[in-house]
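For reference, the structure is listed below as structure tokens.
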Amino acid sequence: MGRFDSLMVQKNRVANGNTPQTCLVCDERKISMSSYIAPKEKETRLHLRTSHSQKALLERAAKTRHLNLTQFVLQVCLEEAEKIVREQENENVIRVSPQHYDWLLQKLEEPPQDNPALRRLFAESPKWND
């Protein structure tokens, strides 16, 4: 079936046991490798303290995704961490089309034009210094 027209839910078994792992697959979203961590890659522990109501909510959400609590918390946290890191990395990136790239390079290499109004502005003392 080439492209997926709708979201497909597929339940797989994790390699080390019979715990179901839910994978969401569609043409617009790809699952990151962080959503599935093979057992041999798990080398450290992460401890978390919550209230009873917070734990109950997390367990309820995990159940809706057919994951255990650890899998759910790890998956959601890693997805959010990747999103935050991507946003931070892309914060200082300017994306332009190939046509605009050539124009931008040309403008950056041109000598600056004289701007008398800007010269006057920089010659003035800032208001916060008064």
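The values are calculated or read from the model by the stated rules, or taken from the named source; none is laboratory data. Since the model is a prediction, treat every value here as computed from it, not as a measurement. Glycine gets a Cβ as well: all are built from the backbone with ideal geometry, and neighbour counts include every protein chain shown.
Please go through region 107-130 and give me each residue that is farther than 30 Å from residue 96 by Cβ and either assigned to a loop (DSSP other than H, G, I, E, B) or touching a residue at least 12 places away in the same chain (Cβ under 8 Å) (or both), ordered by number.
124, 125, 126, 130
Would you say residue 81 is at pLDDT 90 or above, of a type in the set (Gly, Ala, Ser) and surrounded by 10 or more Cβ atoms within 10 Å (Cβ to Cβ)? Steps first, please.
Numbers: at pLDDT 90 or above: yes; of a type in the set (Gly, Ala, Ser): yes; surrounded by 10 or more Cβ atoms within 10 Å (Cβ to Cβ): yes.
Yes; evaluated as a whole, the condition is true for this residue.
Among the residues of region 77-92, is any touching a residue at least 12 places away in the same chain (Cβ under 8 Å) and part of a loop (DSSP other than H, G, I, E, B)?
For region 77-92, residues touching a residue at least 12 places away in the same chain (Cβ under 8 Å) and part of a loop (DSSP other than H, G, I, E, B): absent.
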